[in-house]
Amino acid sequence: MKLVKPDDPILHRVCRPDFTIDGDDIQTMFRLLAETDGLGLAAPQVGIDGRLFVTEWGEVFVNPVFTRLGDPLVFHEGCLSFPGRLCARLRHPAVRMADGRVYEGLKAIVIQHEADHLDGICITDPLPEANHA
C-alpha cells in the first residue's frame, strides 16, 4: 500500500459508503501514516474507494457524520497527497460527531480535512465563495 499520485482521479471522487476493508489494510494505513509523519490518512489517498480515515491519535472513522461548530477560520494546511504544498482552507474550530463526541482544535481540523478527502475535495481545490446571498 502506498500513497496515490496527486493526479489520481480517486482523489476527486466521492467515496462509497458501502465498502469492504480488512483490519490488515487499516493497520497498514496506520503504519503509512506514522512513516510519513501525517496527522490523518483517508482511504482514497491509498487508492481505496471507501469512506474511512485513520488519525495519528489512533482513531478510525468509518462513514463519519459530524456537525461543524463555531465560525470558520482560514487555516493553511499541508496534505500527504500534495507534498510540499500549503493551501488555505476554511475550517471550523470544533466538530460534533453523530454519536455526540466533540473534537476541538487540531483534531477538529484533521477530521474536516480527512472528511473532505472522502467527498473528493482536496486542499488544492478553490475555496468556496465566502458570501452566498
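The values are calculated or read from the model by the stated rules, or taken from the named source; none is laboratory data. Being a predicted model, the structure only gives us computed values, none of them experimental. Here Cβ is always computed from backbone atoms with ideal geometry, including for glycine, and neighbour counts include all displayed protein chains.
A Cβ distance below 8 Å, combined with a sequence gap of six or more or placement on separate chains, defines the contacts here; from region 66-79, residues that are hydroxyl-bearing (Ser, Thr, Tyr) reach residues that are in a strand (DSSP E or B) in the pairs Thr67/Val95; Thr67/Arg96. Residues in region 85-102: is at least one modelled with pLDDT under 95, closer than 20 Å to Ile10 by Cα and in a loop (DSSP other than H, G, I, E, B)? Yes; the residues of region 85-102 include at least one that is modelled with pLDDT under 95, closer than 20 Å to Ile10 by Cα and in a loop (DSSP other than H, G, I, E, B).
Checked across region 46-68, the condition of being assigned to a helix (DSSP H, G or I) and either within 11 Å of the chain's Cα centre (by Cα) or within 18 Å of Asp8 (Cβ to Cβ) (or both) holds for at least one residue. Taking Ile109, is it farther than 26 Å from Pro128 by Cβ and crowded, with 18+ Cβ neighbours inside 10 Å? Answer is no for this residue. Scanning for something part of a strand (DSSP E or B), closer than 29 Å to Met1 by Cα and modelled with pLDDT of 95 or more, does region 23-40 turn up at least one residue? Yes - at least one qualifying residue is present in region 23-40. Output the residues belonging to region 1-18 that are closer than 13 Å to Gly50 by Cβ and part of a helix (DSSP H, G or I). If the condition is that a residue be closer than 13 Å to Gly50 by Cβ and part of a helix (DSSP H, G or I), then Ile10 is the only one that fits.
Only one entry in Val74, Val110 is modelled with pLDDT under 95, among the aliphatic types (A, V, I, L, M) and outside any loop (DSSP other than H, G, I, E, B), namely Val74.
Let's see how each residue does on (1) more than 30 Å from Asp22 (Cα to Cα); (2) aromatic (Phe, Trp, Tyr); (3) touching a strand residue (DSSP E or B) at 6+ places or on another chain (Cβ under 7 Å):
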| position | (1), (2), (3) |
| --- | --- |
| Gly47 | no, no, no |
| Thr55 | no, no, yes |
| Gly70 | yes, no, yes |
| Gly78 | no, no, no |
| Pro93 | yes, no, yes |
| Asp99 | no, no, no |
| Ile109 | no, no, yes |
| Leu127 | yes, no, yes |
